[in-house]
Amino acid sequence: MTTKALEGVRVLDMTHVQSGPSATQLLAWLGADVVKVEAPGGDITRRQLRDVPGVDSLYFTMLNCNKRSVTLNTKSERGKELLTELIRRSDVMVENFGPGAVERMGFTWERIREINPRIVYASIKGFGEGPYTDFKAYEVVAQAMGGSMATTGFPDGPPMATGAQIGDSGTGIHAVAGILAALFQREATGRGQRVNVAMQHAVLNLCRVKLRDQQRLTHGPLPEYPGDDFADEVPRSGNASGGGQPGWAVKCAPGGPNDYVYVIVQPVGWPPLAHLIGRPELAADPEWATPEARLPRLAKMFQLIEEWTATLPKWQVLQQLNSHNIPCGPILSTKEIIEDPSLAANEIVVEVEHPERGTFTTVGNPLKLSDSPTHITPSPLLGQHTEEILIGELGIGDEELRLLKSSGVI
C-alpha cells in the first residue's frame, strides 16, 4: 500500500483567501491531514468571484482541495476551548490573519507552545517588523514593495503587475519550505518552532536577479537591457531576458494577442538562426558573429528575427527553431494551457468532480514524488467535517453538538 510523504501529519489550517490556503493545499497534496477552521460564515473567497450562483467559487475550490472543513467561532469561550484541543492534536498550525489577530484571540506563540510544545506554528504576513508591519497586504501590494513592479513592463511605460501570483501563492510555497524544514528539525530536537514568512520578503527573493543588476549598475550600463539611457536604478526590461543569453518575444502570424514565440539567442544558435531568417551572411559577419558584437544590436537582431517569424504561425516557428536546438517557447494563452493534452497527461491541469458545481478544472500538484502520488479531491463544503472531527476525534456528544450549533459556536 502506497503511503504519502506527510501521512500522519495533522495541519490546523486557519488561513483564508490565497497565500495561506495555497500553502496548506500543497501540504494536503503531500499527504497531510489538513483541517480548515472556518468561522460559521466561511472563508470569504467561497463567495468571491462566483460564476455559479449559490455554489462555492472557483477562487475557493481551486485553493482548498484535499482538505477537511470544520466551522468554529473562535471568539466564543467554548470555541476557544475547542480550538485549544485542535492545537493540542496538531503537528502544524498555519494562519495568515492581519498582524496581532491570533494574539487577540488569546493564542500567543507562548500560549500555543504551552498547549503543544511540538507544534510548528507558521504565520504568513504582508511584511516583516518595521515601518510596514501594519500595512494591509494584497497580491499586487507585495509585488509593488518586493521589487517586481518596478522592474516589470517596458522602459517607457508604467510599472506593471505580473499575472503570476508571486505575492500570494509565491509566499505560500516559501511557507511550505519553512514548515517542512521545521518538521525535519523537530525529528532531532523534539520541539516545534515558529515559522514567519512575509509576502514582501518572498517577492524580493524571487526578484534577486534585479538586486544583482542594481549592484552591477555601479560599474556601468547593463547592455542586456533595451535602451541606452541608464539612471541609478534597474530599469524595466520589457521582454528582455536580462540574463547572460539575450531573449525577446517575437510576433508570429496571424498576429493575435498571443501569437508570439520567445526566442533565446545563444552563441551556438546564431549561425542556424541566421540561415533560418534568410540572412546566412550574418553568421560570419564580424559585426554580428559574436555575442559581444551583437549586444549593441539586440533591438535590430530581434527585428530581423521577427521579420521572419511574422510570416509563420507560432507552432511552425517553434518546430523550425527546435529542429536547430534554439531555445524557444510559444506564448501560451490560458485557453491553450487549459486545453493542452500534455499538461493533462502530466496531471498539472486536472479535472475534479465537485458535489455542487460538477466538474471543474484546476492546477494539479507541481511537486512530483515517486513514492507519494497525489490524487486531487474536491474542496470541502462549509463545515462538511465538523461532526466527524468534533464527535469522532474530540469526543463531543450529540447533545452538546446540537447546543454548539444553536448557540453559534459552530
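Give the residue that is nearest to V102 (Cα to Cα), with candidates limited to residues of the range 26-55 that are in a loop (DSSP other than H, G, I, E, B) and within 21 Å of the chain's Cα centre (by Cα).
D43
Among Q319, Q266, which is the only one that is loosely packed, with under 13 Cβ neighbours inside 10 Å and under 36 Å from the mean Cα position of the chain (by Cα)? Break it down stepwise before answering.
Working: Q266 fails: loosely packed, with under 13 Cβ neighbours inside 10 Å.
None of the other options fit; the residue is Q319.
Which pairs have Cβ atoms under 6 Å, sit 6 or more apart or on different chains, and link a residue in the range 121-150 that is at positive phi to one that is assigned to a helix (DSSP H, G or I) and of a type outside the set (D, E, K, R)?
G147/L204
Could you grab me the full set of residues in the range 269-316 that are aliphatic (A, V, I, L, M), surrounded by 14 or more Cβ atoms within 10 Å (Cβ to Cβ), more than 38 Å from the chain's Cα centre (by Cα) and not in a helix (DSSP H, G or I)?
A289
Answer yes or no: is there a residue in the range 67-83 that is open to solvent by less than 40 Å² (accessible area, probe 1.4 Å), at pLDDT 95 or above and within 20 Å of V363 (Cβ to Cβ).
yes
Within the range 368-404, can you find the residues that are open to solvent by 90 Å² or more (accessible area, probe 1.4 Å) and assigned to a loop (DSSP other than H, G, I, E, B)?
Residues satisfying the conditions are K368, S370, D371, H375, Q384.
Sort out which residues of the range 350-365 are part of a loop (DSSP other than H, G, I, E, B) and not charged (D, E, K, R), and write them in order of number.
P355, G364, N365 - these are the residues of the range 350-365 that are part of a loop (DSSP other than H, G, I, E, B) and not charged (D, E, K, R).
Identify all residues within the range 49-82 that are among the basic types (K, R) and over 16 Å from H385 (Cβ atoms); write none if there are none.
R50, K75, R78, K80
Please go through the range 89-105 and pick out each residue that is more than 27 Å from the chain's Cα centre (by Cα) and exposed (fewer than 13 other Cβ atoms within 10 Å of the Cβ).
Answer for the range 89-105, where residues must be more than 27 Å from the chain's Cα centre (by Cα) and exposed (fewer than 13 other Cβ atoms within 10 Å of the Cβ): just R104.
May I ask you to say which residue of G192, G238, G242 is in contact with a strand residue (DSSP E or B) (Cβ under 7 Å, 6 or more places away or on another chain), open to solvent by less than 80 Å² (accessible area, probe 1.4 Å) and not hydrophobic (A, V, I, L, M, F, W, C)?
G192
Considering only residues of the range 13-25 that are part of a loop (DSSP other than H, G, I, E, B) and on the phi < 0 side of the Ramachandran plot, which is nearest to the chain's Cα centre (by Cα)? Step through it out loud before you land on a result.
If we filter the range 13-25 for residues that are part of a loop (DSSP other than H, G, I, E, B), which is where we start, we get 15-18.
Okay, now just the ones that are also on the phi < 0 side of the Ramachandran plot, so 15-16, 18.
Numbers: T15: 15, H16: 15, Q18: 9 Å.
This residue is Q18.
Kindly indicate whether E347 is more than 23 Å from I173 (Cα to Cα) and part of a loop (DSSP other than H, G, I, E, B).
Answer is no for this residue.
Tell me yes or no: at least one residue of the range 159-173 is loosely packed, with under 15 Cβ neighbours inside 10 Å, of a type in the set (S, T, Y) and in a helix (DSSP H, G or I).
No: the range 159-173 contains no residue that is loosely packed, with under 15 Cβ neighbours inside 10 Å, of a type in the set (S, T, Y) and in a helix (DSSP H, G or I).
The values are calculated or read from the model by the stated rules, or taken from the named source; none is laboratory data. Keep in mind it's a predicted model, so treat the numbers as computed, not measured. With ideal geometry, Cβ positions are generated from the backbone for all residues, glycine too; neighbour counts draw on all protein chains shown. The accessibility values were calculated without ligands, DNA or RNA, using every heavy atom of the protein model including side chains. Shrake-Rupley method; radii C 1.70, N 1.55, O 1.52, S 1.80 Å.
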